[in-house]
1. Could you please find all residues in the stretch 97-144 being open to solvent by 10 Å² or more (accessible area, probe 1.4 Å), closer than 20 Å to Gly47 by Cβ, part of a loop (DSSP other than H, G, I, E, B) and of a type outside the set (S, T, N, Q)?
2. Give the stretch 52-96 a look and list any residue that's among the charged types (D, E, K, R), in contact with an Asp or Glu (Cβ under 9 Å, 6 or more places away or on another chain) and not in a strand (DSSP E or B), or say none.
3. Quick check on Leu95: is it farther than 20 Å from Glu132 by Cα, under 23 Å from the mean Cα position of the chain (by Cα) and in contact (Cβ under 8 Å) with a residue 12 or more places away in the chain?
4. Can you give me the number of residues within the stretch 86-96 that are open to solvent by 50 Å² or more (accessible area, probe 1.4 Å) and under 17 Å from Asn156 (Cβ atoms)?
5. If we keep just the residues of the stretch 22-77 that are at pLDDT below 85 and of a type in the set (Phe, Trp, Tyr), which is least open to solvent (accessible area, probe 1.4 Å)?
6. Looking for something at pLDDT 85 or above, open to solvent by 70 Å² or more (accessible area, probe 1.4 Å), within 25 Å of Phe123 (Cβ to Cβ) and not in a helix (DSSP H, G or I) - is there at least one such residue anywhere in the stretch 160-167?
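The values are calculated or read from the model by the stated rules, or taken from the named source; none is laboratory data. Please read these numbers as outputs of a predicted model, since none were measured by experiment. No Cβ is skipped: glycine too gets one built from the backbone with ideal geometry, and neighbour counts run over all protein chains shown. The accessibility values were calculated without ligands, DNA or RNA, using every heavy atom of the protein model including side chains. Shrake-Rupley method; radii C 1.70, N 1.55, O 1.52, S 1.80 Å.
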Amino acid sequence: MTDQTTPLERLNALESLVAKLQNEKYGVLSEDLYPKRLHDLPVWRGGEHLLLRCYKRTPIVLSEYMLPVEMQSDSKGQVEINIVNQQTLYTAIILDCGNAALLVDWQMAQKKGMKVSSFSDIFDLNDYNADEIKPWTITSLPYFCPIEYGRRWILNMSGRLDNGLIAEPMKEQERNRGQLQEEIVRKLALDQRELSFELRTLKADISELTRQINDLSHLIKANTA
């Protein structure tokens, strides 16, 4: 008979087996090892672009996906986060690929008097000269890869910031694109006026030609009567 269990069911079974072995070896309860089942964890499925947009504009919609985490850095500079059961400066949102995006409570950071340099482990601060980090200056969130899925992650990609210098070429491109669009609109409007004039002229020519054809038709009928 073939195994009809789903991958998630097999994973949960493996999880229970590991918990049992840990219990037998160390004398701890499985609930202490695994406070949450994998399928109980909220997963964000809206994509990274929408996640960053919500974080900047309407963070309240992310509240049900946010998991409190604590961050640790070892002697080698590797940064890890793991889920905790208390409010912290950091929260993580699990993506459908298993990675986790890290969010920062900037109001709490401000109350604690934390400087921008305090976040050098998770953000690329090169050329960033502002006195503080605001959500709208974030162009990419820090992303972590799972060590233990749903429990611990390790930093995979630092977040990126924009203090106006990085985005200047993009702003210049936007201005150039806007100017080009305005030129196209003006040209289309001019072409439309020229076409309208030519159309009126053509209608007048057709009307005159129709009149001449009617006159010629009447003349032919008169001569043949």
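1. Scanning the stretch 97-144 gives a single hit, Cys97.
2. Passing the criteria: only Asp74.
3. For Leu95, the condition - farther than 20 Å from Glu132 by Cα, under 23 Å from the mean Cα position of the chain (by Cα) and in contact (Cβ under 8 Å) with a residue 12 or more places away in the chain - is met.
4. 1
5. In this case the residue turns out to be Tyr34.
6. Here is the first cut: in the stretch 160-167, the residues at pLDDT 85 or above are 160-161.
So of that shortlist, the ones also open to solvent by 70 Å² or more (accessible area, probe 1.4 Å) come out as 160.
If we keep only those that are within 25 Å of Phe123 (Cβ to Cβ) as well, we get 160.
Still in the list and also not in a helix (DSSP H, G or I): 160.
Yes, there is a match, as at least one residue in the stretch 160-167 is at pLDDT 85 or above, open to solvent by 70 Å² or more (accessible area, probe 1.4 Å), within 25 Å of Phe123 (Cβ to Cβ) and not in a helix (DSSP H, G or I).
Conditions (1) open to solvent by 90 Å² or more (accessible area, probe 1.4 Å); (2) in contact with a Pro (Cβ under 6 Å, 6 or more places away or on another chain); (3) at pLDDT 75 or above, marked per residue:
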{"site": "Ile154", "(1), (2), (3)": "no, no, yes"}
{"site": "Met157", "(1), (2), (3)": "no, no, yes"}
{"site": "Glu172", "(1), (2), (3)": "no, no, no"}
{"site": "Lys187", "(1), (2), (3)": "yes, no, yes"}
{"site": "Arg193", "(1), (2), (3)": "yes, no, yes"}
{"site": "Leu202", "(1), (2), (3)": "yes, no, yes"}
{"site": "Ser217", "(1), (2), (3)": "no, no, yes"}
